[in-house]
Amino acid sequence: MNRRDLLKAMALLPSTAMLGMSSHVMAAPATQNRLLLVFLRGGYDASNLLIPTSSNFYYEARPNIAIARPGSAPDSALELTADWGLHPALKDTVYPMFQNGEASFIPFAGIDDLSRSHFETQDSIELGQPLTASRNFHSGFMNRLAKVLSNNSKVAAMSFTDQLPIAMQGSARISNTALRNVSKLNVDQRQRDMILQMYGDTSLSQAVKDGFAMREEVARDLQEEMNSANRNAISTKGFELEAQRIAKLMREKYALGFIDVGGWDTHVNQGGVNGTLAVKFEELGRGLAAYRTEMGSAWRNTTVVVISEFGRTFRENGKRGTDHGHGSVYWVLGGGVKGGRIAGEQIALEQGKLFQNRDYPVLNEYRAVLGGLFTNIYGLNTNQVDQIFTGVKARDLSLV
């Protein structure tokens with residue numbers, strides 16, 4: 001094998017194979033608790049998702065992109081409480097879940113990181129480690145959760161991404177595979193043989209074989225679903241179709257999952273009731289609703305948590321968009337969720353209450369919030385939570 005072929009083979013090598021995940025994943029028990037973390041990369045505008053309808057300052061700060069108070073105009077905010085409304089793009093998807101007690105929102109949520117850098121803040125959140133101490137960039141909080149859970153029982157985890165994200169990296173073996181083009185493996189037979197030959201006499205030989213076998217198994221499992229969709233002319237795209245595929249695997253095989261959705265950096269022409277952000281909310285909502293439907297009876301034991309690296313500026317900018325902010329809004333969905341609530345510490349949204357006179361403050365620190373959710377979902381004790389989020393006291397918001 002010449003150097004060029006070697007480099008090509010290395011580039012094509014599935015990270016699944018490198019991690020040595022067995023292709024023979026046992027079916028997840030129907031009663032096993034399942035968790036899917038959805039990461040919205042780009043810092044989505046939480047103020048136009050969960051609208052502070054009782055705040056006059058919100059309407060003053062957003063003359064072009066604010067969402068009207070419930071009932072005041074066509075396509076106005078959907079009333080959740082006396083103080084909060086939901087973007088109307090979620091009327092047919094997430095809003096019914098809230099009404100049925102299967103969805104809640106946590107405003108003023110986030111991390112104490114103040115860099116406002118997408119990459120730095122995403123890394124900090126995915127690591128889940130103290131900001132003031134030396135950090136291990138090969139130890140993400142979802143991996144540590146998987147390791148803690150595996151000490152009690154066999155828990156299969158999967159990252160539904162092209163590459164293994166920081167959140168899933170660590171000592172626990174976690175695989176990854178993207179499902180957007182799952183029927184088309186990213187290597188052909190010649191390249192596959194080349195990679196197997198390259199690792200044939202090494203300690204990674206079996207791991208590479210298992211990695212290829214796992215991806216081929218996933219493709220076979222989902223081919224029937226894909227063919228059915230084509231025959232019945234189901235019109236789905238983007239996240240909705242991917243969410244259905246993820247749900248199929250989470251329902252049958254995996255108890256812990258991760259997916260990220262990009263494109264939330266809306267500096268220009270963000271829109272209000274309509275526009276770029278509204279379309280993204282509508283597509284995300286359809287995907288989450290499709291996930292709920294595909295999970296079937298397993299939905300009662302499922303929790304979905306939606307987060308982002310940060311929120312955006314409370315005031316709109318001169319280009320009818322919003323800039324990098326601080327506090328955000330987290331979503332918690334699931335059949336066992338004690339929903340229909342706006343949870344966590346809150347304050348009235350007035351000009352004097354903004355963080356640095358521009359952003360949502362962070363009142364509900366994300367590690368404490370997630371630690372509380374993990375505690376209730378899995379029955380973790382204080383020591384186990386500390387293994388996931390060192391030095392953090394879990395905060396119970398009674399959402400699960």
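Taken together, the values in this text are just the output of simple stated rules run on the coordinates, not laboratory data. Owing to the predicted nature of the structure, the values given are computational and were not obtained by experimental measurement. Backbone-built Cβ (ideal geometry, glycine too); neighbour counts: all protein chains shown.
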(request) With a point put 7 Å past each Cα toward its Cβ, work out how far Ser54 is from Gln99 in nm, to one decimal. (result) 2.3 nm
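Between Ser297 and Gln189, what is 0.36 nm times their sequence separation minus the Cα-Cα distance? Round to one decimal in nm. Show your work: numbers first, answer last.
Working: separation 108, 0.36 × 108 = 38.88 nm, distance 3.87 nm.
That pair, Ser297 and Gln189, stretches by 35.0 nm at full extension.
Using the number of other C-beta atoms within 10 angstrom as an exposure proxy, rank Tyr291, Tyr366 with the fewest first. Could the numbers behind the result be given before it?
Values: Tyr291 27, Tyr366 24.
Fewest-to-most ranking of Tyr291, Tyr366: Tyr366, Tyr291.
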(request) Work out, step by step, the length gained on full extension between Asp75 and Thr202: first 0.36 nm times the residue separation, then minus their alpha carbon distance; give nm to one decimal. (result) 39.6 nm
(request) Any chance you could run the full-extension gain for Ser171 through Glu120? It's 0.36 nm times the residue separation minus the Cα-Cα distance, nm to one decimal. (result) 16.1 nm
(message) Highest mean first, how do 154-163, 242-251 rank when packing is the count of other Cβ atoms within 10 Å averaged over residues?
(response) 242-251, 154-163
(request) Return Trp264, Trp331 ranked ascending by Cβ neighbour count within 10 Å, so the fewest neighbours appear first. (result) Trp264, Trp331
(message) Using the basic label-point model (7 angstrom from Cα toward the beta carbon), what is the Glu345 to Ala213 distance in nanometres?
(response) 5.1 nm
